[in-house]
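Have a look at the structure below before the remarks.
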Amino acid sequence: MIDFLINELKLNIKRKPQIEKFYEANRLVPYVNLIKTYPQIYNILSSIYTNKIKDNWDCVVELYRYNIKLSKSIYPYIYILENILKIRISNYLKEKYNDEWYKNEDLFFKLLDMDSFDKDIFQKFFNHKINRIVREELFDIYKLNNPSLSKSKIKSKVSTLKKANSIISDARDYCFKNKAPSLSDFVETKPTLNYWITILETRKLFINQKTNYFDIKGIFPNITNESEEILVQIIQKLDNIRLLRNAISHFSQVAFIEIYKNKYVWNIYEEIINLLHLLGCEDINWLIGDIDCCANSAFEHLHNELIEIHNLCHK
């Protein structure tokens, strides 16, 4: 790795002792590639950090550390959004059904339109990771049981099995490990953001039985249009945020790259702000307060500090 960095960055061999001390050197590859793709980054960083940038080694280290700071600065927004979201959804479903909704498997089977055969298959493949091999096996099972099923219909059924697995596995695991399970403890300790996204994807949970329309103002009080289209948009934004959250959790690069299909970290930050507003959070600055990881760590400040590089990489 050391020789790779010296060669790729065209460094003086005298840099070798410093590189040897940088134990995360293997994490620098994305930023090496960034410098090679956009050599003008050197001049940009030199003009911003006049006393820190001597060569491309300083550039990649600065970009690497900037990515860490940017990740830390946006994480409080994700943390607060996720907590408010799960409380709002949980309270909504508690009021609509009861405080045991999370472990009511029959409710989910019904709302996911799963028939007796679907439920049997669900039990057989419960807690299986539905990868390509398992999907092919499921296709064969459904086709053998009902040859008239189309490929798209079977694909829909497999997708439904994945949703049921995602929802029910968390509740089963929690109830198995807790002698006195409670909704509040389950919400606090068990589900991930993916769980709550899957709950929102179970759209019949949110249909008003009297009007047959979506009824999600109990979760998103500032929403203006309670339609399936709007719910789909919300789910997509949450999935983008989930991808960003996962990247941060795995210490991956989030700065200067697409997180998902033309969505960069700034775009997802805007989606977080939008969803917090829909959830009824009027004063987001108050919510975030003085949660800082380091000096000058406010996300917008950090993002704008290297806005020229962000814009360069977004083209």
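None of the figures in this text is laboratory data; all of them are computed from the coordinates on show. Because the structure is a prediction, the values reported are computed rather than measured. All Cβ positions, even for glycine, are placed from backbone atoms using ideal geometry, and neighbour counts span all protein chains on display.
Brief remarks follow.
- Filtered trypsin sites (Lys or Arg not before Pro), the range 80-133: DSSP coil and at most 10 other beta carbons within 10 Å: LYS129
- The magnitude of the dipole of the chain, with charges of +1 and -1 set on the Cβ of Lys/Arg and Asp/Glu and taken from the Cα centre, is near 940 debye.
- Mean shadow area of the range 11-58 over all directions, Cα convex hull, nm²: 3.6
- Per residue of the chain, the DSSP helices (runs of n ≥ 4 H) give a summed -39500 (n - 2.57) that works out to -20000 deg cm²/dmol at 222 nm.
- At most 16 other Cβ within 10 Å, DSSP loop - trypsin sites (Lys or Arg not before Pro), the range 229-270: LYS261
- Shape of the range 121-216, Cα gyration tensor, a/c cut at 1.5: oblate
- Ordering LEU81, ASN67, LEU34 by Cα displacement along the dipole of the chain toward the positive end leaves LEU34 in first place; charges were set at the Cβ atoms of Lys, Arg (+1) and Asp, Glu (-1).
- Along its first, second and third principal axes, ordered by size, the chain spans 70, 49, 41 Å in Cα coordinates.
- In degrees, nearest ten, helix 56-96 long axis to first principal axis of the chain (Cα): 20
- Residues ASN274 and GLN40, FRET efficiency given R0 of 35 Å [Cβ-Cβ distance, rounded to 0.05]: 0.60
- Highest average packing first - 192-202, 40-50, Cβ atoms within 10 Å: 192-202, 40-50
- Computed from label points 7 Å out along Cα-Cβ, the spacing between SER150 and TRP286 is 5.2 nm.
- Contact order relative to length of the chain, as percent, for alpha carbon pairs under 8 angstrom and 6 or more apart: 21
- Loop chymotrypsin sites (Phe, Trp or Tyr not before Pro), the range 69-142, which have at most 16 other Cβ atoms in a 10 Å radius of their Cβ (DSSP): TYR97, PHE126
- Computed from the C-beta positions of ASN104 and LYS129 and an R0 of 25 Å, the FRET efficiency is 0.50 to the nearest 0.05.
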